1. If I ask for residues that are in contact with a Pro (Cβ under 6 Å, 6 or more places away or on another chain) and farther than 18 Å from residue 287 by Cα, which ones from segment 330-379 would you list?
2. In segment 131-143, what residues are under 49 Å from the mean Cα position of the chain (by Cα) and within 18 Å of residue 88 (Cβ to Cβ)?
3. Of the conditions (1) over 18 Å from residue 295 (Cβ atoms); (2) out of contact with any Leu (no Cβ under 6 Å at 6 or more places or on another chain); (3) surrounded by fewer than 19 Cβ atoms within 10 Å (Cβ to Cβ), residue 490 satisfies every one except a single condition; which number is it?
4. Can you tell me which residues in segment 257-314 are hydrophobic (A, V, I, L, M, F, W, C), over 22 Å from the mean Cα position of the chain (by Cα) and more than 30 Å from residue 424 (Cβ to Cβ)?
5. So, in segment 373-405, how many residues would count as being outside any helix (DSSP H, G or I) and in contact (Cβ under 8 Å) with a residue 24 or more places away in the chain?
6. For segment 137-252, which strands (runs of 3 or more DSSP E) that fit wholly inside it have 2 or more residues that are exposed (fewer than 15 other Cβ atoms within 10 Å of the Cβ) and of a type in the set (Ser, Thr, Tyr)?
7. When you go through (1) of a type in the set (D, E, K, R); (2) without any contact (Cβ under 8 Å) to a residue 60 or more places away in the chain; (3) not assigned by TED's automatic domain parsing to the domain that holds residue 268 one by one for residue 228, which number turns out not to apply?
Amino acid sequence: MWGNVPDRCAGGGAGNEGKAEVAGREDGNRQQRTPAGQGPAWAEELLDHLRPAGRDVRRVVGWLAGTVRGSVALQDAAGNLIAGTRLPLDEGLVTDITAGRIASAAWESQERHQRLVRVEHPSHTCVLAVSRETPFDRRAADVVTHTAQVIELLLTARESTAAGHRLRRATSDLRLAILQLLMVEDTIAARRVAAGLWPGLLDADTACVYVVESDAAVRDRIAEECLDGTGEDALVVRCPAMDGHVIVVSPRDSTGETLRSLVGRHPDIFLGGSVRQSLARTATAYGQAVSALAVAHFRPDKTAVYAERTRPERLMDPGALRGWTARVLRPLDTLPHHTRAELLATTRLGLEFTAVSAAKVLGVSRNTVRARMERVETLLGTDFADLTVRAVVHLALNTQIGLPDAQYPDDTGNSTLRLSDLLSGPAVRTWAQDLLGRLDADARNPRRTLRTWITAGGNAERAAQILGMHPQTVREHVRSAEPVLERQLLAAGTDLYEVVLAHLAVGDLDLPAFRRHD
């Protein structure tokens, strides 16, 4: 509250002859008490604007204009209009108010009557100005004074809310940056960044990756629940590639149970989890979690953990596989270590997902992803448009990431082994025959369709031309093979590349050409 001060100062204002009455200096009492008892109706209406659903400064200013039957402007010290309609005001009075010399003032002329009140803002002072044709009676003056106080509260709350949003956004961006470092195998930098806010979070050597899927409209709320449930024991990131996904990286075994409990509380969310992987294999673990997420959609509990089934590389001689991998990737060894790691990590993600998704996860443009992958293509002397090439390079990259550089001997006796030698082993051939043999019972011959579709680079239209059928029929055959093989095929990634390797192992597809190697 403020009371009138008998000082009067003559002066022109707002382009008219008038007088101004100064009130409520800095040492004045702005907080007089309202008499006990039920307040007037306008007070109840004003209080409604403090409810969560009505906290809008523009609405309050509009309500004030209608209540006092006048025009209202809320402006900052620089004269910028925050709400209401712009009014001609006495600049001297506005300066005195914003400078803190006076708290309020009244100005009048023959045509208009004005009240100006200082409104404190966390970062600067504003002026609430009310102009009307009739003089201000006690009711109108009280409405203006109390409205100024409500606006102060709303501006302070809005500033606090905005600061909170900025802090949460900065923290969210930091979590994403840590994930992106893990995706490109830079675990040292990731730990260094995480240590400042979440000490000990990435101290472990291994972690599991989970992907929680929800409707995009509720993802922020789900992400907050993930943060609340895991505390500082997990890295929670809103996926930059999929609007409905939340990625959780955690070394703690308890995180999986916490997230399953979250899924149980919500009817329309799903959870996919990876097996435990080293931090350097976060990208691999992420791919596993996404693969498990697809399975979760068909589970009653809406959750799934990646099935650690028999992998073709596990059926190969480890020494021979290491020697072959070193030879395939040797052209990249001439690059600086950082450049080599960047190219390998980007290519690994680009083969596992689309270039667009990989770019969003890494925080770079898709053109950057494509340029890096094209450089790897050139160095390896091959073409990633060929699905067999993608499968073979994917095999080499996943072998490379699990081995220290010291385990790549240049003079190994297995260095002359070719891909055909790795795939011709009895264990690999038996695995491949058993896998593809599951399709033989289908009279539509989806195995032939799948083989042709792979040869056509996963393009249904080209495969349909070769087979003489409709493209939709090709897609249906490929889609029907997914539950039989227990692998996703229409989405590029580990599942598809395993099926391609199986075709190579049984001789249904030709081995890809590497101009420098195999």
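The values are calculated or read from the model by the stated rules, or taken from the named source; none is laboratory data. Treat the numbers as computed from the prediction; the structure is a model and nothing was measured. Heads up, the Cβs are rebuilt from the backbone with ideal geometry, glycines too, and the neighbour counts pull from every protein chain shown.
1. Residue satisfying the conditions is 379 alone.
2. 131
3. Condition not satisfied by residue 490: (1).
4. Step one: list which residues in segment 257-314 are hydrophobic (A, V, I, L, M, F, W, C), which gives 259, 262-263, 269-271, 275, 279-280, 283, 285, 289-290, 292-296, 298, 304-305, 307.
When the remaining residues are screened for being over 22 Å from the mean Cα position of the chain (by Cα), the result is 275, 295, 298, 304-305, 307.
Listed by number, the residues that qualify are 295, 298, 304, 305.
5. 7
6. Details: elements: 206-213, 235-238, 245-250.
Correct list: empty, since no element meets the threshold.
7. Tallying (1) of a type in the set (D, E, K, R); (2) without any contact (Cβ under 8 Å) to a residue 60 or more places away in the chain; (3) not assigned by TED's automatic domain parsing to the domain that holds residue 268, residue 228 fails exactly one: (3).
Yes/no per residue for (1) within 19 Å of residue 341 (Cβ to Cβ); (2) outside the structural domain of residue 229 (by TED's automatic domain parsing); (3) under 16 Å from the mean Cα position of the chain (by Cα):
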{"site": "168", "(1), (2), (3)": "no, yes, yes"}
{"site": "172", "(1), (2), (3)": "no, yes, yes"}
{"site": "192", "(1), (2), (3)": "yes, no, no"}
{"site": "195", "(1), (2), (3)": "no, no, no"}
{"site": "198", "(1), (2), (3)": "no, no, no"}
{"site": "201", "(1), (2), (3)": "no, no, no"}
{"site": "214", "(1), (2), (3)": "no, no, yes"}
{"site": "218", "(1), (2), (3)": "no, no, yes"}
